[in-house]
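Read the structure below first, then the notes.
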């Protein structure tokens, strides 16, 4: 099974994570998650592997979060829907293995799943 990375090529941290991952394995599936957002089921699976709630992978520095979401309460299901509709709000890069995933910032976090 290949290692999947939710990648944003415009993000310095995401590029660093991908380069680090390339140094560890060649079996990589790169998912440009901004142009191909995860489905709710995919995101639920990733969250399970991360052992995190949807609110724990939010990019709270994004303008959309600050203007529209900050200070509001949502259920996990509502957060998943929001993240799938606004993938820019998802922390990056997320590296996903068969049984575990990590937010690879810093890139050395990848060592936890390889």
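Annotations
- Just one of the listed residues (94, 28, 82) is modelled with pLDDT of 95 or more and within 10 Å of the chain's Cα centre (by Cα), namely 94.
- Pairs meeting the criteria (first residue in region 4-29 and surrounded by fewer than 15 Cβ atoms within 10 Å (Cβ to Cβ), second residue in a strand (DSSP E or B), beta carbons under 6 Å, at least 6 apart or on different chains) are 25/3; 29/4.
- Some residue of region 56-79 being closer than 24 Å to residue 113 by Cα, loosely packed, with under 12 Cβ neighbours inside 10 Å and within 13 Å of the chain's Cα centre (by Cα): no
- Odd one out for residue 62 among (1) at pLDDT 95 or above; (2) under 27 Å from residue 108 (Cβ atoms); (3) touching a strand residue (DSSP E or B) at 6+ places or on another chain (Cβ under 8 Å): (3)
- Members of region 81-98 that are surrounded by fewer than 21 Cβ atoms within 10 Å (Cβ to Cβ), touching a helix residue (DSSP H, G or I) at 6+ places or on another chain (Cβ under 8 Å) and under 10 Å from residue 39 (Cα atoms): 81, 84
The values are calculated or read from the model by the stated rules, or taken from the named source; none is laboratory data. Only a predicted model underlies this, so the values are computations on that prediction, with no experimental measurement involved. All Cβ positions, glycine included, derive from the backbone under ideal geometry; neighbour counts span all protein chains shown.
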